[in-house]
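J.: Below you will find the structure I want to go over with you.
The values are calculated or read from the model by the stated rules, or taken from the named source; none is laboratory data. Just so it is clear, the model here is predicted, and its values are computed rather than measured. Here the Cβ is made from the backbone with ideal geometry for all residues, glycine too, and neighbour counts use every protein chain on show.
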Amino acid sequence: MYSCMPRGHGTAGAYMSSPIERGELNGFHVVDPDLYDRYRAEVLALTNSYQVDINEFLPNDGTRKRGLSDAEIADRLGLDIRDVTEIRVVAEHDEYPIEEYEASARFKDAAAASYLEGGVKNLYKGDPPPTKR
Amino acid sequence: MMDELDWVSIKSGILEMARKRGAEVARVGDPALLEDAEPGLRPSDLLTGVKSMIVLGGAAPRAAEWQSPRVEVMETVGTADRMVALGSSVARHIEDTYGYYALNVPTATDQDDKAFLDFKAAAIAAGAGSPSLAGPVLDPTYGFLYLTVILTTLPLPVDGPLQEAACPAPQCVEMWDEKGTTPCMAVCPIDDGGCLGGEIQEGLVIKRRYDEDRCRDRVYHYWTPGYQAALERALGEPDARKRKMILYGSFFTRTMWSITYSGVSQGQCFECIRACPVGTEQRVLI
């Protein structure tokens with residue numbers, strides 16, 4: 001299956017560093033940053049990261065789409081599956097900066113306070129106050 | 001001898017046991033319905049010869065937790081671990097009693113930072129809820145529940161998906177007709193810094209959009225993603241004194257506490273579900 005695909009699968013050789021540089025011999029595969037920058041957007045677009053009509057509401061007649069597996073993305077982009085996995089995992093965590101966490105705290109405080117004060121008729125409108133934390 | 005077993009009675013006994021031990025919802029789904037899922041997230045990838053998929057839902061936050069003015073309460077108590085323990089107990093019961101394989105699917109993260117199984121799809125296939133605009137599977141009575149899935153070679157009769165979806169609720173259809181939004185989308189709009197988008201047409205959800213990355217950062221706020229983000233900031237800070245302020249500061253400290261408290265799924269954002277009318281009765285007491 002996909003987990004057994006041979007190393008070096010794909011055609012992105014220009015971005016590949018040597019197996020030693022890539023950490024393969026140590027069992028700790030780190031994607032090349034240039035390869036990451038080159039394919040980050042393309043890989044994310046094929047995953048579940050930002051979903052448009054990837055959902056169970058749609059009929060299973062071909063209308064319903066799903067995010068691709070890393071093996072399927074590797075095939076489509078001609079990359080090594082392990083590079084695809086690393087690009088995806090890094091990119092998913094790299095999508096929003098740390099400031100997003102501060103915004104998240106303010107959002108939750110404001111949303112909960114608004115709802116507790118007035119229910120659905122008083123939902124948070126997207127202008128969070130300074131965080132309480 | 002196994003051919004003589006009464007599968008209906010066995011199923012009834014297993015599900016009743018799960019309910020007595022805390023499951024609000026206990027159903028059986030056909031694992032074959034998940035064969036169109038992404039490779040690697042299919043039941044047959046985890047257990048060869050799987051015949052049935054038992055889905056248990058429960059351990060929702062308590063009403064008082066929903067009502068607490070301190071969001072930090074919900075950020076801390078929302079966890080799947082009670083359902084995980086129940087699932088393990090049911091799996092052990094099946095293997096010990098009937099001699100069939102039973103695997104409680106790990107709720108933790110697989111090697112590629114993915115789930116072991118599409119839990120939502122499993123719950124929907126079993127009728128342990130239906131999909132929602134907000135994202136979580138919703139039980140018509142209880143709303144949001146934590147899930148656990150037991151895959152087994154025991155050939156139990158399946159329940160199948162719910163005939164009537166919990167989402168969109170009638171109140172949401174009404175709100176959509178009036179305002180062009182729903183409670184969950186209004187509180188977390190994808191086009192205005194949130195995670196959720198979509199439309200309702202003739203009572204059905206269409207054109208759903210979902211920003212999984214932002215949602216994860218909120219749900220796992222003080223957890224692995226937050227830890228990684230803060231650590232990156234600390235490692236990139238050349239001033240040792242400032243670095244210390246980051247590493248010993250409140251965000252990093254709370255994140256470390258949160259990570260080390262729990263080895264299973266932990267939810268830290270509930271605002272779309274707080275506004276959701278499905279299961280409201282369970283969240284409001286006197």
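J.: Look through B:LEU147, B:LEU162, B:LEU154, B:LEU117 and report the one residue that is touching a helix residue (DSSP H, G or I) at 6+ places or on another chain (Cβ under 9 Å) and assigned to a strand (DSSP E or B).
T.: Result: B:LEU147 is the single residue among B:LEU147, B:LEU162, B:LEU154, B:LEU117 that is touching a helix residue (DSSP H, G or I) at 6+ places or on another chain (Cβ under 9 Å) and assigned to a strand (DSSP E or B).
J.: Follow-up question, since we're still on this one. For B:CYS276, which of the numbered conditions (1) in contact with a strand residue (DSSP E or B) (Cβ under 7 Å, 6 or more places away or on another chain); (2) exposed (fewer than 15 other Cβ atoms within 10 Å of the Cβ) fails to hold?
T.: (2)
J.: Take the residues of the stretch A:99-129 that are closer than 22 Å to B:TRP176 by Cα and surrounded by 18 or more Cβ atoms within 10 Å (Cβ to Cβ): which is farthest from the other protein chains (Cβ to nearest Cβ)?
T.: A:SER114
J.: Quick check on the stretch A:41-54: of everything there that is in a helix (DSSP H, G or I) and within 12 Å of chain B (Cβ to nearest Cβ), which residue is surrounded by the most Cβ atoms within 10 Å (Cβ to Cβ)?
T.: A:LEU44
J.: If you take the residues of the stretch B:174-202 that are part of a strand (DSSP E or B) and under 18 Å from B:ARG274 (Cα atoms), which of them is nearest to the other protein chains (Cβ to nearest Cβ)?
T.: B:PRO189
Quick grid of which residues meet (1) at pLDDT 95 or above; (2) under 17 Å from the mean Cα position of the chain (by Cα):
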{"residue": "B:ALA134", "(1), (2)": "no, yes"}
{"residue": "B:ASP139", "(1), (2)": "yes, yes"}
{"residue": "B:GLY143", "(1), (2)": "yes, yes"}
{"residue": "B:THR153", "(1), (2)": "yes, no"}
{"residue": "B:LEU156", "(1), (2)": "yes, no"}
{"residue": "B:GLN163", "(1), (2)": "no, no"}
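J.: Residues being more than 16 Å from the chain's Cα centre (by Cα), of a type outside the set (Lys, Arg) and either assigned to a loop (DSSP other than H, G, I, E, B) or surrounded by fewer than 18 Cβ atoms within 10 Å (Cβ to Cβ) (or both): count how many of those fall in the stretch B:47-71.
T.: The total comes to 10.
J.: Looking only at the stretch B:57-75, decide whether some residue is closer than 15 Å to B:THR148 by Cβ, in contact with a strand residue (DSSP E or B) (Cβ under 8 Å, 6 or more places away or on another chain) and at pLDDT 95 or above.
T.: Within the stretch B:57-75 (the criterion being closer than 15 Å to B:THR148 by Cβ, in contact with a strand residue (DSSP E or B) (Cβ under 8 Å, 6 or more places away or on another chain) and at pLDDT 95 or above), the answer is yes, since at least one residue qualifies.
J.: Could you list, in sequence order, the residues of the stretch A:70-95 that are outside any helix (DSSP H, G or I), modelled with pLDDT of 90 or more and not aliphatic (A, V, I, L, M)?
T.: Listed by number, the residues that qualify are A:GLY78, A:ASP80.
J.: Which condition breaks for B:VAL278 when tested against (1) closer than 17 Å to B:PRO168 by Cβ; (2) within 10 Å of another protein chain (Cβ to nearest Cβ)?
T.: Of (1) closer than 17 Å to B:PRO168 by Cβ; (2) within 10 Å of another protein chain (Cβ to nearest Cβ), only one is false for B:VAL278: (2).
J.: While we're looking at this one, here's another question. Look at A:TYR96 and say whether it is closer than 25 Å to B:GLN228 by Cα, under 15 Å from the mean Cα position of the chain (by Cα) and within 9 Å of chain B (Cβ to nearest Cβ).
T.: It is true that A:TYR96 is closer than 25 Å to B:GLN228 by Cα, under 15 Å from the mean Cα position of the chain (by Cα) and within 9 Å of chain B (Cβ to nearest Cβ).
J.: Considering only helices (runs of 4 or more DSSP H) fully contained in the stretch B:203-286, which possess at least 3 residues that are of a type outside the set (Phe, Trp, Tyr) and under 25 Å from the mean Cα position of the chain (by Cα)?
T.: Hits in the stretch B:203-286: B:212-219, B:224-235, B:250-261, B:271-274, B:280-283.
J.: Within the set of pairs 6+ apart or on separate chains, which have a first residue in the stretch B:117-130 that is assigned by TED's automatic domain parsing to the domain that holds B:ASP36 and aromatic (Phe, Trp, Tyr), a second that is outside any helix (DSSP H, G or I) and crowded, with 24+ Cβ neighbours inside 10 Å, and C-beta atoms under 7 Å apart?
T.: If the second residue must be outside any helix (DSSP H, G or I) and crowded, with 24+ Cβ neighbours inside 10 Å, the pairs left are B:PHE119/B:LEU147; B:PHE119/B:VAL149.
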